[in-house]
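> Got a structure here, written out as structure tokens. Questions coming.
Values quoted throughout were computed directly from the atomic coordinates according to the rules given, and no laboratory measurement underlies them. Just so it is clear, the structure is predicted and the values come from calculations on it, not from any experiment. Cβ placement follows ideal geometry from the backbone for every residue including glycine, while neighbour counts extend to all protein chains displayed.
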């Protein structure tokens with residue numbers, strides 16, 4: 001089934017280079033991260049592309065006798081608000097990889113989008129336009145690379161990368177992915193009628 005997505009601009013090779021680069025958690029390269037699973041030639045296999053749900057709203061703005069509009073994005077997992085300049089980049093395809101379900105419904109996301117936009121406008125200097133009605137709305141998925149590795153203590157951990165911008169992502173998205181993994185694991189195990197594994201990480205990645 002086709003759906004709107006923000007396409008991934010970083011492939012698996014580029015993602016691994018960014019995810020494994022020097023940082024404080026690996027002592028700036030002195031202790032490289034160890035992928036949980038590797039191929040015979042040593043290529044990391046414990047990485048996957050997942051799709052996180054989001055809403056985009058186009059708000060009409062009125063001010064100074066002018067009518068303008070702006071797009072706002074709200075993450076459907078934890079409600080993160082952002083100005084959205086990528087509406088034209090969305091494409092309708094059938095994405096490969098797991099798609100996480102939305103936690104926020106459209107009405108809740110709309111409230112957060114409106115509240116976030118009003119607060120953003122109030123912080124700006126100069127004339128402040130009035131937020132009017134929503135002119136358009138769409139539901140889409142954003143790409144995220146998830147890399148499973150062993151940390152310095154030997155425990156399994158994971159890092160995440162925005163597959164569109166190539167930038168590491170924050171704790172809220174990390175928590176959303178972990179919650180999504182747990183929910184998906186429980187759903188699969190309930191369907192298979194087996195006990196719930198406390199480890200939410202996917203067995204094929206381990």
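> According to a simple spin-label model (label point 7 Å from Cα along Cα-to-Cβ), what is the distance in nm between residue 174 and residue 150?
2.0 nm
> Another question, if that's okay. Just to be sure I understand the model, the point goes 7 Å from the Cα along the line to the Cβ. What's the resulting residue 17 to residue 99 distance in nm?
3.1 nm
> Among 46, 153, which comes first, then next, by fewest other beta-carbon atoms within 10 Å? Show your work: numbers first, answer last.
Working: 46 21, 153 6.
Listed from fewest to most nearby Cβ atoms, that is 153, 46.
> Okay, next question. Counting only helical runs of four or more DSSP H residues, what would the 222 nm mean residue ellipticity of the chain come to if each run contributes -39,500 (n - 2.57) and the total is spread over all its residues? Present the calculation step by step, with values, prior to reporting the outcome.
Values: 3 runs with 48 residues, N = 206.
Estimated from H runs of four or more residues: -7500 deg cm²/dmol.
> If you wrap a convex hull around the alpha carbons of the chain, what volume per residue comes out, as a whole number of Å³?
Details: hull volume 31.8 nm³, N = 206.
That works out to 154 Å³ per residue.
> Using just the alpha carbons, could you tell me how many Å³ per residue the convex hull of the range 71-186 encloses? It would help to have the intermediate numbers written out before the result.
Numbers: hull volume 17.1 nm³, N = 116.
Hull volume over Cα atoms, normalised by residue count, gives 148 Å³.
> Label the range 34-77 by shape, choosing from rounded, prolate and oblate, from the square roots a ≥ b ≥ c of the eigenvalues of the Cα gyration tensor; if a/c is under 1.5 it is rounded, and otherwise prolate applies when a/b is larger than b/c, oblate when it is not. Mind showing how you got there, number by number?
Working: a/c = 7.43, a/b = 4.61, b/c = 1.61.
Cα axes put the range 34-77 in the prolate bin.
> What distance in nm separates the two pseudo spin-label positions at residue 43 and residue 137, each 7 Å out from Cα along the beta-carbon direction?
4.3 nm
> Treat the count of other C-beta atoms within 10 Å as a stand-in for reagent exposure and order 173, 178, 52 from fewest to most.
Values: 173 19, 178 14, 52 24.
Listed from fewest to most nearby Cβ atoms, that is 178, 173, 52.
> Looking only at 162, 105, 75, which one moves most when the chain is put into a Gaussian network model with springs between Cα atoms under 10 Å?
Comparing 162, 105, 75 in the GNM, the peak value goes to 105.
> I've got another one for you. I'd like the orientation of helix 106-123 relative to the chain: the angle between its Cα long axis and the longest Cα principal axis, in ° from 0 to 90, rounded to 10.
The angle comes out near 70 degrees.
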